[in-house]
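Peer 1: Just passing along the structure, written as structure tokens.
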Amino acid sequence: MVSISLTLIVAAIHLYFMVLESFRWEHPRTRKVFGMTEEMATQTKAMAANQGLYNAFLGAGLIFALATGNSAIAGMPVL
């Protein structure tokens, strides 16, 4: 039960970063979190969207592994 809870927390963190990087990259609060200027955020928008997609796949993969019961995908040994 602990491993499932921790896996869900990690998946939620990945999905949270996906939202920040894909949809809110140029928002003032997001820029403050990452310590970026408005100009730098504008210049790196495409890169951030790519990172957001990466984090979305990581989060989705963890959730998929838990939903299908395939613990080997989630990093836990298969018994």
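The values are calculated or read from the model by the stated rules, or taken from the named source; none is laboratory data. No experiment lies behind these values; they were computed from the predicted model shown. Here the Cβ is made from the backbone with ideal geometry for all residues, glycine too, and neighbour counts use every protein chain on show. These area figures cover heavy atoms from the full protein model, side chains too; ligands, DNA and RNA do not enter into them. Shrake-Rupley method; radii C 1.70, N 1.55, O 1.52, S 1.80 Å.
Peer 1: Would you kindly derive the ³J(HN,Hα) couplings of region 26-40 from the backbone phi angles with the Karplus curve 6.51 cos²θ - 1.76 cosθ + 1.60 (θ = phi - 60°), listing them in order in whole Hz, with x for Gly and Pro?
Peer 2: 8, 5, x, 5, 5, 4, 5, 4, 8, x, 10, 7, 4, 5, 5
Peer 1: Please give the charge dipole size of the chain, origin at the Cα centre, charges +1 on K and R Cβ atoms and -1 on D and E Cβ atoms. Round to the nearest 20 debye.
Peer 2: The calculated dipole for the chain is roughly 120 debye.
Peer 1: Here's another thing I want to ask about it. How high is the relative contact order of the chain? Use alpha-carbon pairs under 8 Å, at least six apart in sequence, and give a whole percent.
Peer 2: That works out to 36 percent.
Peer 1: Express in nm, to one decimal, how much length is gained between Ser3 and Tyr16 on full extension, taking 0.36 nm for each residue of separation and deducting their alpha carbon distance.
Peer 2: Extra length from Ser3 to Tyr16 when fully extended: 2.7 nm.
Peer 1: Could you tell me how many degrees, from 0 to 90 and to the nearest 10, lie between the Cα long axis of helix 2-22 and the main elongation axis, the longest principal axis, of the Cα atoms of the chain?
Peer 2: 20
Peer 1: Now for a different question. Can you tell me which of 38-47, 23-32 comes out highest on packing, and rank the rest after it, using the mean Cβ neighbours within 10 Å?
Peer 2: Highest-to-lowest ranking by the protection proxy: 23-32, 38-47.
Peer 1: Another question, if that's okay. Could you give each residue of region 52-61 its phi-based ³J(HN,Hα) in whole Hz, using Karplus coefficients 6.51, -1.76, 1.60 with θ = phi - 60°, and x for Gly or Pro?
Peer 2: Couplings: x, 5, 4, 5, 4, 5, 5, x, 5, x Hz.
Peer 1: Carbon and sulfur atoms: what percent of the 1.4 Å accessible area of the chain do they account for?
Peer 2: 69
Peer 1: Do me a favour and compute the ellipsoid semi-axes for the chain from its Cα gyration tensor, root of five times each eigenvalue, largest one first, whole Å.
Peer 2: 31, 11, 8
Peer 1: With r as the distance between the Cβ atoms of Ala67 and Phe23 and R0 = 22 Å, compute the FRET efficiency 1/(1 + (r/R0)^6) and round to 0.05.
Peer 2: Plugging the Cβ-Cβ distance into 1/(1 + (r/R0)^6) gives 0.35.
Peer 1: May I pose another question? Which is farthest toward the positive dipole end of the chain among Ile9, Ala41, Ala60, measuring Cα position about the Cα centre, with Cβ charges +1 (Lys, Arg) and -1 (Asp, Glu)?
Peer 2: Checking the options against the dipole of the chain, the answer is Ile9.
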